[in-house]
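In what follows, a structure is listed as structure tokens, so that the remarks can point back to it.
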Amino acid sequence: MRSRVLALLATCALILAGCSSLPRAGEVHEVNPSPTEAGDIGLTAQPPGEGDEPEKIVSGFLVASRAGLDDDFVVARQYLMDSAASEWNPLAQVRVYSDSQNTQISTIDSGAIRVTVGSLGSLSGSGVYTESANDAVITTDFSLAKNADGQWRIVSLEDGILLSEHLFDQLYVKSPLYFLSTDSSALVADLRWYPRKTFATNAVDGLLAGPSQWLAGGVHTAFPSGTSRAMAVDVNNGVATVDLSTEVLAASDAEQTLLATQLQRTLTASTDIQSVQITVAGAPLGADANADLSAYPFGSFSLSVLADGLPAQVSGGSAVPAIDNPALQEADLSDLAVGYDADQTQYAALANGGKDLMWIDTRGAFAYSLYSGELLIRPSFDSFGWVWTGETANSGTLVALENDGTVAQLQAGWLDGVNVRDIAVSREGTRIVVVCDVGGEAMIYVASITRDNQGVPAALGDPVTVGQRLADVTELAWMGPVTLVVLGKTAAGSETSLYSVEIGGPMSRIAAPYTGTIRLTAGRDESSITVLTDKGNAYGYDGGSWRSIATEVSAVAYPG
């Protein structure tokens, strides 16, 4: 509520600031308010008026349902017949539309009203956000009839509510739920969105219910099966008290530490909650949230490049060779990938026109062909030391390789018959992003990676699609626990830009790339974005502008 009041005051201040003087003479004119719905902040729901016609009933209901998160939809239900009021589930889905658009209300027939507006995305009842394609339209119909008092009321409607994007941002909290990687060495974020008013309780329920279906194969949780919340989460002076059922007592001390860490990181990620106290039947659990786990295990690494045909590291604006191996210069290396070892001594690159995957060890100053194919995908390292590739013209298989030649074949039927442009394994090794052509359209898929107890890749899950508002994608890189930086276009013929694409959230534009950008890489957040131009120059994005990093290079890469 406080944030909405501040937003309203700020808007008023801007309006007053724009008036150099107030008119004191002249005719009085009637001024109609702008039809834009950007003024919904602070909106108060009003009940239906006596004798309101169907279109007014529907428009009043839409306004009341937007305010429903504050009054538990009490006023909104007054627009519904009793049977509809009892059956309508307002939080089953939230459909989000742009601030620049207004809902269009039209009469289809007597007692039938249609509402249409362009769609940005939708939120499921479990808090999972799915972005819409650029041309997607929300269409929802309402049937109305007169009640015993002769007043029009809605008798049939879809579950859920419509919100403009600014109201969605005001009323909902972005909430990553944290699960555990296969070996419990890292946290893995599963992004959700919950009503601000009930965020803490919803987030605990989401954590206990487990990860999204697409992610489940790559993660686990320390909470014992059947663990539930005993009561609503109490938040007082920045401390959230979570009272859990007795099943949690079956967890070992190590597991209790892990589950406490999951809770702590989840509840403190997005709000003013500073600490979490876990109780069982009112008694403190005693576990400390002190497991030192990162949700984005990525250290401070130098930028690696290909210079004069060999791997090099950039230092002080110069590319310093990482290996002296003249034979490699004859291999026509391209598409460099770097391992996660602290000294950055392990590299992979394509060679011989993309037919061979080379393994390069700069500490031992040796290199050899690790895998061969027709035209291989640009490689990507994972944090377990495996390097991933596959055929560009794919038949439903990706491969992961160790430096001793061990090959893990990963079936992915969803890639059968498509052309793969790029792949990138997440920093903790539980997810893979794939850019491919499907029926002439560029798609971004994200799938889970199932591993055995030794970290060997065992299977790929069914994917989800992200970045649906992009019409074309050149390539991408990870730059956060749930965030990708993507080089692409939002429409055919539009300018290429850099976009931030959230897995489970709306995308946003970052900036125009440096002129001639053909490749990109990233480490941590937007300040690490580095691009390569068609002139062989590398530029870094820093503080909203581009700076030169290196010249005469043919690839750029941070670990991954």
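The values are calculated or read from the model by the stated rules, or taken from the named source; none is laboratory data. On a predicted model such as this, the values are computed, not experimentally measured, just so you know. Neighbour counts run over all protein chains shown; Cβ positions are idealised from the backbone, glycine included. For accessibility, only protein heavy atoms count, side chains too; no ligands or nucleic acids. Shrake-Rupley method; radii C 1.70, N 1.55, O 1.52, S 1.80 Å.
Of the strands (runs of 3 or more DSSP E) lying entirely inside the stretch 294-407, those carrying at least 2 residues that are out of contact with any Ser or Thr (no Cβ under 8 Å at 6 or more places or on another chain) and farther than 30 Å from Ser184 by Cα are 318-321, 366-372, 393-401. As for the stretch 112-135, it holds no residue that is over 30 Å from Thr483 (Cα atoms) and of a type in the set (Asp, Glu).
Scanning the stretch 314-333 for residues that are over 16 Å from Asp361 (Cα atoms) and surrounded by 13 or more Cβ atoms within 10 Å (Cβ to Cβ) returns Val314, Ala319, Asp332. Of the residues making up the stretch 533-560, those that are part of a strand (DSSP E or B) and open to solvent by less than 70 Å² (accessible area, probe 1.4 Å) are Thr533, Ala538, Tyr539, Gly540, Tyr541, Ser545, Trp546, Ile549, Ala550, Val556, Ala557. Reported count of residues in the stretch 142-167, each being surrounded by 23 or more Cβ atoms within 10 Å (Cβ to Cβ) and within 26 Å of Leu267 (Cβ to Cβ), is 3. Look at (1) part of a helix (DSSP H, G or I); (2) more than 26 Å from Arg192 (Cβ to Cβ); (3) at pLDDT below 95; (4) of a type outside the set (Ser, Thr, Tyr) and you find that Asp70 fails only one, number (2). May I ask you to list the residues in the stretch 490-507 that are surrounded by 18 or more Cβ atoms within 10 Å (Cβ to Cβ) and either more than 30 Å from Gln409 (Cβ to Cβ) or at pLDDT below 95 (or both)? Result: Leu498, Tyr499, Ser500, Glu502, Gly505, Pro506, Met507. For the residues Asp422, Asp416, the requirement of being in a strand (DSSP E or B), charged (D, E, K, R) and open to solvent by 40 Å² or more (accessible area, probe 1.4 Å) singles out Asp416. Report yes if Glu428 is more than 15 Å from the chain's Cα centre (by Cα), in a loop (DSSP other than H, G, I, E, B) and acidic (Asp, Glu), otherwise no. Yes: the conditions hold for Glu428. Among the residues examined, Ile57 does not qualify as in contact (Cβ under 8 Å) with a residue 24 or more places away in the chain, surrounded by fewer than 14 Cβ atoms within 10 Å (Cβ to Cβ) and of a type in the set (A, V, I, L, M).
All of Ser228, Ser164, Ser143, Ser184 fail the test of being polar (S, T, N, Q) and under 30 Å from Leu460 (Cβ atoms), apart from Ser184. Hey, among Pro311, Pro297, which residue is surrounded by 16 or more Cβ atoms within 10 Å (Cβ to Cβ) and over 25 Å from the mean Cα position of the chain (by Cα)? The conditions single out Pro311. Scanning the stretch 378-406 for residues that are more than 26 Å from the chain's Cα centre (by Cα), open to solvent by less than 40 Å² (accessible area, probe 1.4 Å) and among the hydrophobic types (A, V, I, L, M, F, W, C) yields a count of 1.
Given the residues Val204, Val235, which is the only one that is among the aliphatic types (A, V, I, L, M) and under 23 Å from Gln93 (Cβ atoms)? Testing whether each residue is among the aliphatic types (A, V, I, L, M) and under 23 Å from Gln93 (Cβ atoms) leaves just Val204. Number of residues in the stretch 187-220 that are over 18 Å from the mean Cα position of the chain (by Cα) and more than 21 Å from Leu123 (Cα to Cα) equals 2.
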